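**Student:** Pasting a structure below so you can have a look.
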Amino acid sequence: MRAAVLEQAGSPLVIRDVPRPEVGPGEILLRVRACGVCHTDLHLAAGDWRLPKLPLVPGHEVTGIIEQVGAEVQELKAGDRAGIPWIYWSCGSCEYCLANNEPLCSKLQVTGYTVDGGYAEYLKAPATHCIPLPEGIDFVSGAPLYCAALTTYRALKISGARLGQTVAIWGVGGLGHYAVQIARAMGLRVIAVDILESKLDFARELGVDFTVNAKEKDSVKTIKKAGGADVVINLAPRAAAIEQGFQTLRRGGALVLVGLPPGNFTLPIFTTVAKGIRILTAAVGTRQDLREVLSLAAEKKIHSVCETVPLEEVNSVFRRMEEGQITGRVVIEFP
């Protein structure tokens with residue numbers, strides 16, 4: 001089968017033939033129809049993070065059709081439409097899994113990171129972690145729901161945001177366009193912050209209440225003048241963005257960190273304590289979170305804005321991603 005393979009960190013992915021996976025007990029074989037390109041994949045390819053295995057087939061926003069099921073699989077069958085998310089496998093029995101916090105499982109296996117992922121024509125996975133794709137959601141628009149939408153949903157969910165409150169979203173890109181839609185579905189007042197006017201135009205199309213171009217205006221003063229934010233979801237990989245978002249928070253507010261800036265950053269401890277600010281992090285959601293996201297999409301409360309490319313163009317997508325040229329999400333589509 002064809003796959004895009006990372007053979008060495010910092011090098012372009014190579015399109016080549018690799019063996020088709022063999023399915024064992026409790027596993028399914030998915031014929032991949034679409035796989036989203038995530039900024040995490042760019043980090044892995046660039047060698048920004050330690051790589052547990054090389055060569056590696058990246059990709060963790062995967063949808064397709066189940067072609068084969070192994071022994072002991074009862075809940076899924078050949079012909080089912082399904083997807084495989086970032087969490088490839090979790091133990092299900094540790095204190096974190098039992099508390100519906102499986103991203104913290106110490107035995108966690110990750111699609112396209114600790115095991116080969118979806119930049120390939122076929123992908124095998126544990127049936128327990130393969131989530132059905134609801135009818136009415138096509139493979140392409142469904143793929144980014146399995147990570148991008150899921151991650152922002154989790155961020156908003158843990159923030160404690162309540163109906164009528166104000167959420168400021170820093171960064172209206174692949175994740176941000178889902179954050180805007182989910183926040184609106186929650187009945188929140190939404191402020192979108194970015195440094196590109198094209199991204200803010202995009203946010204306005206999605207129905208935000210207020211936009212701020214942080215390159216042209218003082219985002220802190222502007223948002224404070226508008227009443228401040230009860231919740232800030234930071235999706236921008238910049239320390240300055242985190243600091244700006246923190247300063248806009250009202251008393252008792254929450255700062256949820258999703259974007260990963262290089263190096264470290266600092267926040268004032270006295271202000272954090274005095275104002276009762278909660279600082280939270282969100283990396284990815286649980287399987288239950290994913291089912292809830294898919295329900296939102298099936299009910300047409302959120303939708304994916306994406307473009308498709310063939311597998312051969314994945315390296316050019318990475319270059320565009322580095323340059324901030326992508327609106328919404330890019331999805332690799334397999335014929």
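The values are calculated or read from the model by the stated rules, or taken from the named source; none is laboratory data. Just so you know, these numbers come straight off a predicted model, no measurement behind them. Positions of Cβ are backbone-derived with ideal geometry, glycine not excepted, and every protein chain shown enters the neighbour counts.
Residue by residue, here is whether (1) over 28 Å from His303 (Cβ atoms); (2) among the β-branched types (Val, Ile, Thr); (3) buried (at least 24 other Cβ atoms within 10 Å of the Cβ); (4) modelled with pLDDT of 95 or more holds:
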| site | (1), (2), (3), (4) |
| --- | --- |
| Val62 | no, yes, yes, yes |
| Ala78 | yes, no, no, yes |
| Lys107 | yes, no, no, yes |
| Gly112 | no, no, yes, yes |
| Ser141 | no, no, no, yes |
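**Student:** Quick one: is Ala254 touching a residue at least 24 places away in the same chain (Cβ under 8 Å), of a type outside the set (Asp, Glu) and in contact with a Ser or Thr (Cβ under 7 Å, 6 or more places away or on another chain)?
**Tutor:** On the way: touching a residue at least 24 places away in the same chain (Cβ under 8 Å): yes; of a type outside the set (Asp, Glu): yes; in contact with a Ser or Thr (Cβ under 7 Å, 6 or more places away or on another chain): yes.
For Ala254, the condition - touching a residue at least 24 places away in the same chain (Cβ under 8 Å), of a type outside the set (Asp, Glu) and in contact with a Ser or Thr (Cβ under 7 Å, 6 or more places away or on another chain) - is met.
**Student:** If Phe265 passes every condition in (1) surrounded by 14 or more Cβ atoms within 10 Å (Cβ to Cβ); (2) in the same structural domain as His129 (by TED's automatic domain parsing); (3) out of contact with any strand residue (DSSP E or B) (no Cβ under 9 Å at 6 or more places or on another chain) but one, which one does it miss?
**Tutor:** For Phe265, the failing item is (2).
**Student:** Please specify each residue of the stretch 62-91 satisfying the condition of being in contact with a Cys (Cβ under 8 Å, 6 or more places away or on another chain) and either without any contact (Cβ under 8 Å) to a residue 60 or more places away in the chain or farther than 16 Å from Gln288 by Cα (or both).
**Tutor:** The answer is Val62, Thr63, Ile66, Leu76, Ala82, Ser90, Cys91.
**Student:** Which of the residues that make up the stretch 306-316 are buried (at least 19 other Cβ atoms within 10 Å of the Cβ) and either over 16 Å from the mean Cα position of the chain (by Cα) or not in a strand (DSSP E or B) (or both)? Break it down into steps so the answer makes sense when it comes.
**Tutor:** First, the residues of the stretch 306-316 that are buried (at least 19 other Cβ atoms within 10 Å of the Cβ): 306, 311, 314.
The answer is Leu311, Val314.
**Student:** Let me ask something else about it. Residues that are closer than 17 Å to Leu156 by Cβ and out of contact with any helix residue (DSSP H, G or I) (no Cβ under 9 Å at 6 or more places or on another chain): list the strands (runs of 3 or more DSSP E) wholly contained in the stretch 207-260 that include at least 1 such residues.
**Tutor:** Values: elements: 210-213, 229-234, 249-257.
Filter on the stretch 207-260 gives 249-257.
**Student:** Looking at (1) of a type in the set (A, V, I, L, M, F, W, C); (2) free of Cβ contacts under 8 Å to residues at least 24 places away in the same chain; (3) touching a Phe, Trp or Tyr at 6+ places or on another chain (Cβ under 7 Å), can you tell me which one Ala240 breaks?
**Tutor:** Of everything listed in (1) of a type in the set (A, V, I, L, M, F, W, C); (2) free of Cβ contacts under 8 Å to residues at least 24 places away in the same chain; (3) touching a Phe, Trp or Tyr at 6+ places or on another chain (Cβ under 7 Å), Ala240 misses just condition (3).
**Student:** Looking at (1) in contact with a Lys or Arg (Cβ under 9 Å, 6 or more places away or on another chain); (2) crowded, with 16+ Cβ neighbours inside 10 Å; (3) without any contact (Cβ under 8 Å) to a residue 60 or more places away in the chain, can you tell me which one Arg16 breaks?
**Tutor:** (2)
**Student:** Okay, next question. Would you confirm whether any residue within the stretch 188-195 is assigned by TED's automatic domain parsing to the domain that holds Thr272, outside any strand (DSSP E or B), touching a residue at least 24 places away in the same chain (Cβ under 8 Å) and of a type in the set (D, E, K, R)? Walk me through it before giving the result.
**Tutor:** As a first pass, look at the stretch 188-195 and keep what is assigned by TED's automatic domain parsing to the domain that holds Thr272: 188-195.
Within this subset, residues satisfying the condition of being outside any strand (DSSP E or B) are 188, 195.
Filter once more, keeping what is touching a residue at least 24 places away in the same chain (Cβ under 8 Å): 188.
Next, from what is left, pick out any that are of a type in the set (D, E, K, R): none.
No, the stretch 188-195 has no match at all.
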